[in-house]
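Q: A single structure is presented below for examination.
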Amino acid sequence: MTTTLILVVGAIVLLTAVYVSWRAGRLDRLHIRLELARESLDAALVRRAAVALELAASRLLDPATSLVLATAAHEARTAGPEEREHAESDLSRALRAVVDQERFRDRLADVPEGGPLLEELDAAVAKVIYSRRFYNNAVDVTRTAQRRWLARTLRLAGHTAYPAFFEIDDTPPKALAIE
């Protein structure tokens, strides 16, 4: 009887240890996924700002429009962590104001270097939208895992703070060809 009880308690302890280890490993994998998603989002935001700067410097726009777009893109690239969301939202609004002008796409498509620039802008804007969705989904899943009672009780996430969502206005311009 005593040997059986020891075996049962040992099996329960072993299964509990395996489960806790599995949960800790899952939480670690979620944090890695979150870091990769953040890096992908940062790269997409930098690419969008670079394409916006390229468009502003291309001499295909009027000087005032170029200045507005270049200023918004520069602010987005140089913004600190506290102002990043606001600066990226400003860039989205500036892109909408520029690209949604009447016949903007047609005028740029008539110029030889305009077509490839439009395709690049389409791709950069779409990448920001998808990267932000993926990142925010990773944040949601990670926060849910961190809030579970086992993760909180055993401090499986260590002293890691809850990750923050990245909320920007990333509504694409109507004139862009985004699926």
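Q: Among the helices (runs of 4 or more DSSP H) lying completely within segment 1-113, list those that include at least 2 residues that are basic (K, R). Step through it out loud before you land on a result.
A: Details: elements: 2-57, 63-78, 84-99, 104-110.
Helices (runs of 4 or more DSSP H) meeting the threshold: 2-57, 84-99, 104-110.
Q: Continuing with this model, one more query. Does segment 91-104 contain any residue that is within 23 Å of the chain's Cα centre (by Cα) and free of Cβ contacts under 8 Å to residues at least 40 places away in the same chain?
A: Within segment 91-104, one or more residues are within 23 Å of the chain's Cα centre (by Cα) and free of Cβ contacts under 8 Å to residues at least 40 places away in the same chain.
Q: So, of the residues in segment 123-179 that are in a loop (DSSP other than H, G, I, E, B) and acidic (D, E), which turns out to be modelled with the highest pLDDT?
A: Of the residues in segment 123-179, the ones in a loop (DSSP other than H, G, I, E, B) are 148, 154-179.
Of the ones still in play, those that are also acidic (D, E) are 167, 169-170, 179.
Working: E167: 94, D169: 89, D170: 85, E179: 54.
Within segment 123-179, the match that is modelled with the highest pLDDT is E167.
Q: Let me ask something else. For segment 1-42, give me the residue count where each residue is touching a residue at least 12 places away in the same chain (Cβ under 8 Å) and within 30 Å of R93 (Cβ to Cβ).
A: Of the residues in segment 1-42, the ones touching a residue at least 12 places away in the same chain (Cβ under 8 Å) are 20, 23-24, 26-27, 30-31, 33-34, 37-38, 40-41.
Adding the requirement that they be within 30 Å of R93 (Cβ to Cβ) leaves 34, 37-38, 40-41.
Count: 5.
Q: In segment 114-166, what count of residues is obtained for those that are within 19 Å of the chain's Cα centre (by Cα) and on the phi > 0 side of the Ramachandran plot? If you could, list the steps in order and put the result at the bottom.
A: Start the filter on segment 114-166 by keeping residues that are within 19 Å of the chain's Cα centre (by Cα), which leaves 120-144, 161-166.
Now drop any that are not on the phi > 0 side of the Ramachandran plot, which leaves none.
Final tally of qualifying residues: 0.
The values are calculated or read from the model by the stated rules, or taken from the named source; none is laboratory data. Since this is a predicted model, take the numbers as computed values, not measurements. Every residue, glycine among them, receives a Cβ derived from its backbone with ideal geometry; neighbour counts consider all protein chains shown.
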